[in-house]
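Below is one structure, written out as structure tokens; the observations come after it.
No value in this document is a laboratory result; all are computed from the given coordinates. Not measured: the values here are computed from a predicted model. Every residue, glycine among them, receives a Cβ derived from its backbone with ideal geometry; neighbour counts consider all protein chains shown.
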Amino acid sequence: MPVSDHQLYDAWLQVLSLSELQAGQTVTILTSSNTHPQTLAMASLAAQAKGAIVNRLDLPPVNGEKSLTRDLLSYFGTTPLTGNKAALAMLKASDLVLDLMVLLFSKEQHEILAGGTKILLAVEPPEVLVRMVPTTEDRVRVLKASARLRAAKEMHVTSKAGTDVRFALGDFPILEEYGFVDKPGRWDHWPSGFLATWSNEGTAQGKIVLDRGDILLPQKSYVTEPVTLSVENGYVTKIEGALDAELLSEYMASFNDPESYAISHIGWGLQERAHWSVLSLYDREATTGMDGRAFAGNFLWSMGPNNEAGGKRECACHIDIPMRNCSVALDGELMVQDGKVLPVGGGKA
Ligand SMILES: O=c1ccc(O)c[nH]1
């Protein structure tokens, strides 16, 4: 249900303070036809209250005629910034970009970050933003887990449903999502509260079995019968199961791109204020499914682009799959056991 302007304004003030926005700095609010009016209005008011110079850059949507879904986090490659020198110049000249449009997985995003500009993505509904307004505790929790992941050479994920998959680690950076941008050149997503990395190219091996209730994004569905995905040399080579498997397979095949099946980011959820069940309570198009990506104890893995991590793969198809009841071990040390987050350093596999 809705939140008041005052609640959302306060949440924006908190996020901008955590993002260390200084008076006199330049903020550009990036919008498109999907931007929520209350989010835009309160972001602008809060940034002005912080004494920033506030601009708005509104860009027309793209890819609508190519994508089979309206989900904002499903179809990548070109963005409204592609070839748009004037818009890129404005964003690169800004200290902070509030992305209410979605630039994720785009080379333009990297170009903007490279110059020290911060980018904060915020496209979930206002009540979800307020429910998961970021805190310094979120950052502490994510950074503590991130230090452990950074040191790891292998991630081994298992589940009673039959998942048994290994990923070699070390070639890619850690994706630390705690919901605010406290350093120059940082990107983050509000709401979040999870971490990930990318497996070394070509190393993912094994089997991932989606059990009843595991989530497919952008499908925004809970699988009802097991889906078995074979993983060989860094790619999903087979998708077996009933209707869920067929729907996922046909959607991915529509991109006609073998790179869509590459394993992308892998990690786990740490956000106690995110809930697995939320997706069942919203219309499919009402959210991008961040509760699913962030709920504490999930194993979140994905297929598709890895340019986010400096990789070469910019494919358009992006699938995120948060799973319940998995055990995630780093070099034999359990981080998550049967879907429950262990204190870092808390359990031997
Ligand atoms: O915040 C996000 C959202 C989607 C994704 O794939 C990664 N991080």
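Odds and ends about this structure:
- At the listed q of 0.21 Å⁻¹, the Debye profile of region 29-166, built from one uniform point per Cα, gives log10 I(q)/I(0) equal to -1.30.
- His6 versus Ser280: modelled label distance in nm, points set 7 Å from Cα along the beta carbon direction: 3.5 nm
- Positive-end residue of Gly64, Ala152, Ala329, charge dipole of the chain with Cβ unit charges: Ala152
- If both residues of a DSSP beta bridge must be in region 220-349, then about 95% of such bridges are antiparallel.
- Cα gyration tensor shape for region 194-256, rounded if a/c is under 1.5, else prolate or oblate: prolate
- Estimated at 0.36 nm per residue, the fully extended path between Ser17 and Ala41 surpasses their Cα-Cα distance by 6.9 nm.
- For region 211-297, the fraction of C-alpha pairs farther apart than 17 angstrom is 55 percent.
- Listed by chain and number, the lysines placed with their C-alpha closer than 29 angstrom to that of Lys238 are Lys66, Lys153, Lys160, Lys207, Lys220, Lys312, Lys340; residues fewer than eight positions away on the same chain are left out.
- Here the dipole of the chain is about 640 debye; that uses its Cα centre as origin and unit charges on the Cβ of Lys and Arg (positive) and Asp and Glu (negative).
- In a fully extended conformation the segment linking Asn34 and Asp331 would gain 102.7 nm over its present Cα-Cα distance, using 0.36 nm per residue.
- Subtracting the Cα-Cα distance of Thr82 and Thr224 from their residue separation scaled by 0.36 nm leaves 47.2 nm.
- Residue (of Ala114, Val140, Val165) at the positive-pole extreme of region 68-167, dipole from beta-carbon charges: Val165
- Cα centre as origin, Lys/Arg/Asp/Glu Cβ charges: region 118-187 dipole, Debye: 260 debye
- Its Cα centre serving as origin, region 5-131 has a Cβ charge dipole (Lys and Arg +1, Asp and Glu -1) of approximately 280 debye.
- DSSP-assigned coil residues among trypsin sites (Lys or Arg not before Pro) in region 75-157, each with at most 16 further Cβ atoms within 10 Å: Lys153
- Among beta bridges from DSSP that stay inside the chain, the antiparallel ones total about 75%.
- Prolate/oblate/rounded call for region 1-41, Cα gyration tensor, a/c under 1.5 rounded: oblate
- Label point distance in nm, Arg56-Ala114, each placed 7 Å from Cα along Cα→Cβ: 3.1 nm
- Mean residue ellipticity (222 nm) of the chain, computed from DSSP H runs ≥ 4 via -39,500 (n - 2.57), nearest 500: -6500 deg cm²/dmol
- Descending semi-axes in whole angstrom, ellipsoid equivalent of the chain, from the Cα gyration tensor: 32, 22, 19
- Among Asn34, Ser44, Pro80 the positive-end extreme of the charge dipole of region 5-131 (Cβ point charges): Pro80
- Label-to-label distance for Leu68 and Ser249 is 1.3 nm, based on points extended 7 Å past Cα in the beta-carbon direction.
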